[in-house]
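First the structure, in the form of structure tokens, and then the observations on it.
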Amino acid sequence: LMSHMAAIQRDAQRLTELIPRANQCPLGSGALAGNAFGVDREFLAKELGFEGVTSNSLDSVCDRDFVAEFLMWHSLFLVHLSQMAEDLIINNMLKCVDMADAYATGSSLMPQKKNPDALELLRGKAGVAIGRSVGLMATLKGLPRAYNKDLQEDKVPLFDAVDTVKDCLAIATGVVVTMKPNPKMLLKALCPEMLATDLADYLVRKGVPFRETHHISGACVRLAEEKEISIDTLTLQQLQEIDSRFEKDVLKVWNYEESVERKSSIGGTSKARVLEQIDQCVAFAQKLNDA
């Protein structure tokens, strides 16, 4: 979940960075050539709460960069929400998370099935958002300088985009705060083959280069597949037949929690690092709220 929050934080940063470029006052540009009566554009901008004035009157009347940039932003944001929705849809299918009834419906055929409707709708909105962005860019690409009636086509995608982002953000928030993890099913979804890299890392800690341990670990995976057994059931003797540097303590590799805790670098999966990411996320949200 925190991997998705990292992407959403970048989206929030991009939206914040967009505001100064969009918040420039075009008043006083006239139809295309500026104002002939000494209008104080900077005074107008200040009184109306803009951060500055546009620099060229001809560009001002046909500039829709602020619309195009927002549409590109909203399409990327909804792509990120779509990716989160897909991960949750898969976890819902595996019963690793329990979704609240407000965001899911029962199946018309299978009584045991809970359809993640809200997540599927979120996933679908990303494609529509990309279409809005591409559509406006296609309208803008052939326009000459100054105002053209084609530019009226910016309103519908912009207003729709704003409404869609607000609705999708509210739905995504509701899904996340009401869903509950299912520890038993989450544990069941793990498989020992996920720890094959830990097997390679074991030998790295004994001084063997990773380019070599990668092949050794791969040989262990192949042996388990040939014998049609799980890799964690390979005996010490079988492992040593592949490489004599495996010792008795290698059997400790097959521990999911220890594997997670070993990834203790910044941004890693250890409990301390995940809690650190949560704290950073909360601080980031508070800073945005105070801005």
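Things worth noting here:
- Those residues of region 48-63 which are open to solvent by less than 90 Å² (accessible area, probe 1.4 Å) and part of a loop (DSSP other than H, G, I, E, B), in sequence order: GLY49, PHE50, THR54, ASN56, ASP63
- Scan of region 26-47 for residues that are open to solvent by 80 Å² or more (accessible area, probe 1.4 Å) and either assigned to a helix (DSSP H, G or I) or in contact with a Cys (Cβ under 6 Å, 6 or more places away or on another chain) (or both), ordered by number: GLU42, PHE43, LYS46, GLU47
- Checking LYS206 against (1) under 30 Å from THR173 (Cα atoms); (2) out of contact with any helix residue (DSSP H, G or I) (no Cβ under 8 Å at 6 or more places or on another chain); (3) basic (Lys, Arg), the condition it does not meet: (1)
- Criterion applied to LEU195, LEU199, LEU236, LEU251 was being over 25 Å from the mean Cα position of the chain (by Cα), open to solvent by less than 90 Å² (accessible area, probe 1.4 Å) and within 26 Å of ASN92 (Cβ to Cβ), and the one residue passing it is LEU195.
- Filtering ALA196, ALA161 for residues that are touching a Leu at 6+ places or on another chain (Cβ under 6 Å), aliphatic (A, V, I, L, M) and assigned to a helix (DSSP H, G or I) leaves a single hit, ALA161.
- For region 202-214, filtering for residues that are surrounded by 12 or more Cβ atoms within 10 Å (Cβ to Cβ) and more than 20 Å from ASN255 (Cβ to Cβ) leaves 4.
- Of all the criteria given as (1) within 29 Å of ALA6 (Cβ to Cβ); (2) open to solvent by less than 20 Å² (accessible area, probe 1.4 Å); (3) assigned to a helix (DSSP H, G or I); (4) free of Cβ contacts under 8 Å to residues at least 24 places away in the same chain, the one not satisfied by GLY268 is (3).
- Residue that is least open to solvent (accessible area, probe 1.4 Å), among those in region 271-291 that are closer than 26 Å to CYS191 by Cβ, in contact with a helix residue (DSSP H, G or I) (Cβ under 9 Å, 6 or more places away or on another chain) and of a type outside the set (A, V, I, L, M): GLN277
- Within region 176-187, being in a helix (DSSP H, G or I) and more than 14 Å from GLU257 (Cα to Cα) holds for VAL176, VAL177, THR178, LYS184, MET185.
- Matching option when the condition is surrounded by 16 or more Cβ atoms within 10 Å (Cβ to Cβ), closer than 30 Å to LYS188 by Cβ and modelled with pLDDT of 95 or more, among MET84, MET72, MET99: MET84
The values are calculated or read from the model by the stated rules, or taken from the named source; none is laboratory data. Since we're looking at a predicted model, the values are computed, not measured. Counting neighbours? That spans all protein chains shown, and the Cβs are built from the backbone with ideal geometry, glycine included. Note: areas computed on protein heavy atoms with side chains; ligands, DNA, RNA excluded. Shrake-Rupley method; radii C 1.70, N 1.55, O 1.52, S 1.80 Å.
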